[in-house]
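Worksheet for the structure shown next.
The values are calculated or read from the model by the stated rules, or taken from the named source; none is laboratory data. Note that the structure is a prediction, hence the values are computed from the model and not measured. When we count neighbours, we look across all protein chains shown, and the Cβ atoms used for this are built from the backbone with ideal geometry, even at glycine. We work out accessible area using only protein heavy atoms, side chains counted, and drop any ligands, DNA or RNA first. Shrake-Rupley method; radii C 1.70, N 1.55, O 1.52, S 1.80 Å.
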Amino acid sequence: MPRCSVTRRVHFNAAHRLHNPDRSDAWNMETFGPCNHPNYHGHNYELDLTVEGDVDPATGYVMDLNRLKRLAQDRLLGHLDHKNLNLDVPWFRELIPTSENIAIVCWRELRAAIPAELDFRLRLWETPRNYVDYEGA
């Protein structure tokens, strides 16, 4: 059976502040720089969702990308888009919303809804030059 990877890109806008409350203000500023600004800052995130598996002979799909789009909307974008990650999103109440942590949370939330026989990985673009890849641990 042939195997393929298919990817759906989704988008969300969010604000955040990188800050560890267990450390001093000086440590936070030195570690996170302008990303530690007390009034937050925002990004236009792009999220590439990739599933890999056997091509279903009945449909010709690995997975229907419209289904993946709906899962992303229901499980991620509705929670993240136009939100302050630190203040509005319970996933980040105790977790610093770095790109790495955002990617891990997004993977965890979607992995639970994607058929187990499919491999799943994602790429989170924080800026056009900075991204994080995650495929589970």
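Looking only at residues in region 102-137 that are under 25 Å from Leu18 (Cβ atoms) and assigned to a loop (DSSP other than H, G, I, E, B), which one is nearest to the chain's Cα centre (by Cα)?
Looking at the filtered set, the residue picked out is Glu126.
Please note which helices (runs of 4 or more DSSP H) are completely contained in region 1-91 and include at least 3 residues that are modelled with pLDDT of 95 or more and open to solvent by 50 Å² or more (accessible area, probe 1.4 Å).
Numbers: elements: 25-32, 65-72, 85-88.
Qualifying helices (runs of 4 or more DSSP H): 25-32, 65-72.
What are the pairs, 6+ residues apart or on separate chains, where a residue within region 105-121 that is of a type in the set (Val, Ile, Thr) has its Cβ under 7 Å from a residue that is open to solvent by 30 Å² or more (accessible area, probe 1.4 Å)?
Final answer for the pair search is Val105/Trp91.
Residue check: is Thr98 out of contact with any helix residue (DSSP H, G or I) (no Cβ under 6 Å at 6 or more places or on another chain), modelled with pLDDT of 95 or more and open to solvent by less than 40 Å² (accessible area, probe 1.4 Å)?
yes
Among the residues of region 109-135, write down those that are touching a helix residue (DSSP H, G or I) at 6+ places or on another chain (Cβ under 9 Å) and either open to solvent by 60 Å² or more (accessible area, probe 1.4 Å) or at pLDDT below 95 (or both).
Once the filter is applied, which keeps residues that are touching a helix residue (DSSP H, G or I) at 6+ places or on another chain (Cβ under 9 Å) and either open to solvent by 60 Å² or more (accessible area, probe 1.4 Å) or at pLDDT below 95 (or both), region 109-135 yields Ala112, Arg121, Arg123, Asn130, Tyr131, Asp133, Glu135.
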